[in-house]
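The values are calculated or read from the model by the stated rules, or taken from the named source; none is laboratory data. Quick caveat, the model's predicted, so the values are computed rather than measured. Cβ placement follows ideal geometry from the backbone for every residue including glycine, while neighbour counts extend to all protein chains displayed.
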Amino acid sequence: MDTSLKHTQKIIPNLWFDGNAKEASEYYTTVFPDGKILKTTYYPKTEADGLAEFQKDFAGKVLTVEFEILGMRFIGINAGPIFKFNESVSFMIPCKDQAEIDYYWNTLTANGGEESVCGWLKDKYGLSWQVCPENWEELNKKPGAFKKMMGMKKIIIAEF
């Protein structure tokens with residue numbers, strides 16, 4: 001299997017983690033069908049190998065984990081506590097039915113995840129997701145749909 005960055009996906013999201021990129025990528029590859037780890041890289045062990053002085057706490061530890069979920073590649077990088085995820089970036093999961101919505105919602109909010117509104121949630125790593133029906137546009141055309149959606153956390157298709 002070719003795990004180089006040369007791939008048909010032209011943009012690969014790079015997710016910044018505080019030391020737990022490997023754990024997070026392993027988690028995501030179990031949540032999503034056909035998830036897989038593609039490649040793991042490590043920080044150099046010494047300055048002679050290219051390690052910068054400010055990276056000394058990372059010596060020999062996981063630098064990046066490239067993984068794929070639902071056919072989309074991601075890279076998780078261990079880069080320290082400087083940046084945190086927030087709701088300004090989220091990943092939408094179009095679901096075929098209520099059972100699929102329930103699965104992703106329950107799984108991603110478990111063990112420290114947080115519910116939000118309108119199908120949005122944060123997983124236990126703080127990454128935001130939108131768990132929505134794949135026929136979202138059709139449902140939204142129904143009278144009062146927007147108001148109903150705004151009153152929901154997890155989307156309940158039968159209430160539209």
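Yes/no per residue for (1) among the small types (G, A, S); (2) at pLDDT 95 or above; (3) farther than 19 Å from Y28 by Cβ:
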residue: V89; (1), (2), (3): no, yes, no
residue: K96; (1), (2), (3): no, yes, yes
residue: D102; (1), (2), (3): no, yes, no
residue: K122; (1), (2), (3): no, yes, no
residue: Y125; (1), (2), (3): no, yes, no
residue: K153; (1), (2), (3): no, yes, yes
residue: A158; (1), (2), (3): yes, no, yes
Notebook entry, point to check: K142: modelled with pLDDT of 95 or more, part of a loop (DSSP other than H, G, I, E, B) and not polar (S, T, N, Q), yes or no?
Noted result: no
Next item on the list: Using the structure shown, decide if E115 is in contact with a Leu (Cβ under 8 Å, 6 or more places away or on another chain) and over 30 Å from Q55 (Cα atoms).
Entry: yes
Check: Do you know which residues across region 92-120 are among the hydrophobic types (A, V, I, L, M, F, W, C) and either more than 27 Å from E66 (Cβ to Cβ) or surrounded by 15 or more Cβ atoms within 10 Å (Cβ to Cβ) (or both)?
Finding: I93, C95, A99, I101, W105, L108, V117, C118, W120
Note to self: Just checking, does region 34-50 include any residue being under 24 Å from M92 (Cα atoms), surrounded by 13 or more Cβ atoms within 10 Å (Cβ to Cβ), modelled with pLDDT of 90 or more and aliphatic (A, V, I, L, M)?
What the structure shows: yes
